[in-house]
Amino acid sequence: MKKTLILLSLTLISWGSFAQHEHAKMNHTENGRSKMQSNMADKSAVLSPVKVERSEAVTVIITNYLALKDALVVDNSGKAADYGKLLFDAFKKFDISTQSKAHQKELTDIIEDAGEHAEHISKNSGNIEHQREHFETLSTDLKDLIVITGSDRNLYQVYCPMYNNREGAAWLSSSEVIKNPYLGSKMVKCGNVTQEITVK
Ligand SMILES: [Cu+2]
């Protein structure tokens, strides 16, 4: 019993400092849900393909995410903000009640977090580095979302080992051709496909 308590408090202490660190880094995003998930895995590992259901439920979300990604690739902060707004609206309109009951709680969390990131991107025209910080967690959210809801198209998860002082970051693309949204024109070809997401 005592041992359990000590372990528990140790866990709480490390959780606390971790959360604080994340908060400092993201500056003004309280919900670090996906950030923590992505930090636990080896982000550079090549994963076996994942098959998802065919679904139109997230078509508008995926379309605007990809347009946002393309704006970041060409270092266009203003366009990224515009698509961030459209994406924010798409998350708000997403009807969770059409999804299976078992997933609704998790979907609510993902949508809420992703919506915040999209909103920050929409409000930070002119600050592309800050938009890119939010885009990283947004990308993790979108992948988590698609694995549950399904997708209307095949996607690739691409990983850039250079971004953020070699912390690395992933994004989703509809093509295997590497166009890096984190480094933009500085190093547009940096990255490799780490997972294929294929529609059944
Ligand atoms: Cu922000």
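Given a 1.4 Å probe and every protein chain left where it sits, what share in percent of the accessible area of region 111-200 is carbon and sulfur?
45
Expressed in nm to one decimal, what extension gain is obtained for the pair Asn127 and Val46 from 0.36 nm per residue of sequence separation less their Cα-Cα distance?
Difference between extended and current length: 26.0 nm.
Per residue, how large is the accessible surface of region 89-200? Use a 1.4 angstrom probe and give square angstrom.
45
Of Ser100, Ser122, which has the most accessible area and how do the rest follow, probe 1.4 Å?
The most accessible residue leads, giving Ser100, Ser122.
At a 1.4 Å probe, what is the % contribution of carbon and sulfur to the accessible area of region 54-100?
C and S fraction of accessible area: 54 percent.
Could you let me know the centre-to-centre spacing of region 69-141 and region 160-200, using Cα atoms, in angstrom?
For region 69-141 versus region 160-200, the Cα centre distance is 17 Å.
Between Glu53 and Asp75, what is the label-to-label distance in nm when each label sits 7 Å out along the Cα-to-Cβ direction?
According to this spin-label approximation, the distance is 4.3 nm.
Pull out a ≥ b ≥ c, the square roots of the eigenvalues of the alpha-carbon gyration tensor of region 74-157, then state rounded if a/c is under 1.5, prolate if not and a/b is larger than b/c, and oblate in the remaining case.
Judged from the Cα gyration tensor, region 74-157 comes out prolate (a/c at least 1.5, a/b above b/c).
Take peptides 113-120, 157-164 and line them up by average Cβ neighbours within 10 Å, highest first, as a rough protection proxy.
Ranking, from highest mean packing down: 113-120, 157-164.
Which residue, chosen from His130, Val177, Ala102, occupies the Cα position most advanced towards the positive end of the dipole of region 55-182, where the dipole is computed from +1 (Lys, Arg) and -1 (Asp, Glu) charges on Cβ about the Cα centre?
About the Cα centre, the residue reaching furthest to the positive side is Val177.
The values are calculated or read from the model by the stated rules, or taken from the named source; none is laboratory data. What you see is a predicted model; the values in this text were computed from it and never measured. Quick reminder, even Gly has a Cβ in these numbers, built from the backbone with ideal geometry, and neighbours come from all protein chains shown. Side chains are part of the model used for accessible areas, which takes the heavy atoms of the whole protein and leaves out ligands, DNA and RNA. Shrake-Rupley method; radii C 1.70, N 1.55, O 1.52, S 1.80 Å.
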